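J.: Please find one structure pasted underneath; my questions will follow.
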Amino acid sequence: MISNPRRAFVAARVANGDLDGWLSDHAVIVEGEHIDSIVPRAQLPGDIGETSELVDLGDVSLLPGLIDAHCHMHCSARPDALQHALTDTDQQLTMRAVSAMGKALFAGTTTIRDIGSRNQVAFPIREAIASGTIPGPRLLVSGQPITITAGHCWFFSSQADTTHEVVTAVRTQVRLGADLIKVMATGGMFTPTANPARPQYSTQTLQAAVEEAERVGIPIVAHTLCAEGVERCVDAGVHHH
């Protein structure tokens with residue numbers, strides 16, 4: 001039994017460093033949690049099986065882990081997703097999120113940015129993955145998005161109408177440990193009471209949210225579906241939209 005082994009994963013194809021081609025019949029050498037090197041199978045030492053765990057994957061392609069930059073971990077993918085969002089309990093949403101994160105990891109996604117899920121789900125799931133309690137990708141979470149009353153995704157958001165309320169909502173997410181802040185700058189297609197063709201916040205309110213997020217050194221992202229909403233986000237200095 002090899003104690004604390006290095007592992008050598010041999011595959012028919014390994015993505016090259018520029019991700020624009022394949023290395024045929026190569027081995028990825030992993031030391032602990034880090035890739036140490038990528039070498040042709042023919043260059044593996046003869047005693048590799050004694051010094052490392054040798055895993056021959058056969059006719060497969062190895063590539064770096066995928067990054068999902070826009071996810072809502074507890075949302076259903078079914079046609080009746082809106083009904084689920086309106087009526088599901090936190091326990092039901094948590095079970096869906098646990099399942100989704102496990103599936104994402106085993107599909108090759110190693111980092112996910114969740115930009116809009118209930119606080120009672122997002123933060124416990126992130127901590128459970130980080131502690132090894134459940135399988136899943138590394139998670140960056142915003143927790144609940146910030147939206148106007150009855151605005152886009154109000155049913156799992158912090159509803160805030162005035163500039164003061166928006167700044168308070170940002171501070172609340174920061175206190176809970178958010179990695180980033182999500183603001184619904186316009187309405188969206190998923191919410192019957194919201195208009196995707198109209199902004200939800202003024203440039204001044206968005207700028208106040210940006211300044212508050214920057215004060216504590218975290219980025220702010222925005223949902224926006226119309227040109228005026230995009231322009232306001234750009235003028236306010238929103239980092240991603």
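Computed from the coordinates by the stated procedures, all read-outs in this text should not be read as laboratory data. Note that the structure is a prediction, hence the values are computed from the model and not measured. Every residue, glycine as well, gets a Cβ built from its backbone with ideal geometry; the counts of neighbours run over all protein chains shown.
J.: Using the Karplus curve 6.51 cos²θ - 1.76 cosθ + 1.60 with θ = phi - 60°, work out ³J(HN,Hα) for each residue of segment 207-220 in order, rounded to whole Hz, and write x for Gly and Pro.
T.: 5, 5, 5, 4, 4, 5, 5, 5, 4, 9, x, 10, x, 10
J.: Then there's this: I'd like the Karplus ³J(HN,Hα) series for segment 36-52: coefficients 6.51, -1.76, 1.60, θ = phi - 60°, whole numbers in Hz, and an x wherever there's a Gly or Pro.
T.: Per residue, the Karplus-derived 3J(HN,Hα) values read 8, 6, 10, 9, x, 4, 5, 8, 5, x, x, 9, 4, x, 8, 9, 9 Hz.
J.: Right, another one. What is the antiparallel percent of DSSP beta bridges lying wholly in segment 1-57, to the nearest 5?
T.: Numbers: 15 of 20 bridges.
That works out to approximately 75 percent antiparallel.
J.: Counting other C-beta atoms within 10 Å, which of 179, 114, 80, 18 has the fewest, and how do the rest follow? Working shown, then result.
T.: Values: 179 17, 114 28, 80 10, 18 6.
In increasing order of surrounding Cβ atoms, one gets 18, 80, 179, 114.
J.: Sticking with this one: If the only charges are +1 at each Lys and Arg Cβ and -1 at each Asp and Glu Cβ, what is the size of the charge dipole of segment 6-62 around the Cα centre, to the nearest 20 debye? Working shown, then result.
T.: Values: 4 positive and 11 negative charges, 17 e Å.
That gives segment 6-62 a dipole magnitude of about 80 debye.
J.: Under 8 Å for C-alpha pairs, at least 6 residues apart: give me the relative contact order for segment 66-236, rounded to a whole percent.
T.: Numbers: 336 pairs, mean separation 30.1, N = 171.
Reported as a whole number, the value is 18 percent.
J.: Tell me the label-point distance for the pair residue 7, residue 235, using the 7 Å Cα-to-Cβ offset, in nm and rounded to one decimal.
T.: 5.2
J.: Find how much the distance from residue 111 to residue 150 grows on full extension, using 0.36 nm per residue of separation minus their present alpha carbon separation; answer in nm with one decimal. Intermediate results must be reported in sequence, preceding the final value.
T.: Details: separation 39, 0.36 × 39 = 14.04 nm, distance 3.12 nm.
Length gained between residue 111 and residue 150: 10.9 nm.
J.: Can I ask one more? Using per-residue counts of other Cβ atoms within 10 Å, averaged over each peptide, order 24-37, 131-144 from highest down.
T.: Working: 24-37: 14.1, 131-144: 19.1.
Peptide ranking by packing, descending: 131-144, 24-37.
J.: Charges on Cβ only, +1 for Lys and Arg, -1 for Asp and Glu, centred on the Cα centroid of segment 1-137; of 22, 84, 111, which one is farthest towards the dipole's positive end?
T.: The listed residue farthest towards the positive side: 84.
J.: Once the Cβ-Cβ distance between residue 89 and residue 172 is put in as r, and R0 is 22 Å, what FRET efficiency do you end up with, to the nearest 0.05?
T.: Numbers: r = 22 Å, r/R0 = 1.00.
Once the sixth-power term is evaluated, E becomes 0.50.
J.: When a footprinting reagent is the concern and you count Cβ atoms within 10 Å, what order do 170, 210, 55 take, fewest first?
T.: On the way: 170 26, 210 21, 55 13.
The fewest-first ordering by Cβ neighbours comes to 55, 210, 170.
J.: Follow-up. Using the charge dipole of segment 105-171 (Lys, Arg: +1 at Cβ; Asp, Glu: -1 at Cβ; taken about the Cα centre), state which of 136, 152, 170 has its Cα farthest towards the positive end.
T.: The residue sitting farthest along the positive end of the dipole is 136.
J.: So, one more: Can you tell me the dipole magnitude for the chain around its Cα centre, using point charges on the Cβ only (Lys, Arg +1; Asp, Glu -1), in Debye to the nearest 20? Walk me through the numbers before you get to the answer.
T.: Values: 17 positive and 26 negative charges, 125 e Å.
The dipole magnitude comes to about 600 debye.
J.: Still on this structure, please answer the following. With θ taken as phi - 60° and the coefficients 6.51, -1.76 and 1.60, list the Karplus ³J(HN,Hα) couplings across segment 149-162 in order, rounded to whole Hz; mark glycine and proline as x.
T.: With the stated coefficients, segment 149-162 comes to 4, 6, x, 4, 6, 4, 6, 9, 10, 8, 8, 9, 9, 8 Hz.
J.: Given segment 51-203, what percent of its DSSP beta bridges are antiparallel, to the nearest 5?
T.: Values: 1 of 12 bridges.
If we restrict to bridges inside segment 51-203, about 10 percent are antiparallel.
J.: Only residues of segment 5-35 count here: report those whose backbone N is under 13 Å from the spot 7 Å along Cα→Cβ of residue 42, or say none.
T.: Under 13 Å, as judged by backbone N against the label point of residue 42, lie 24-26 of segment 5-35.
J.: At what distance in nm do the modelled label points of residue 130 and residue 24 sit from each other, each positioned 7 Å from its Cα along Cα→Cβ?
T.: So the two model labels end up 4.5 nm from each other.
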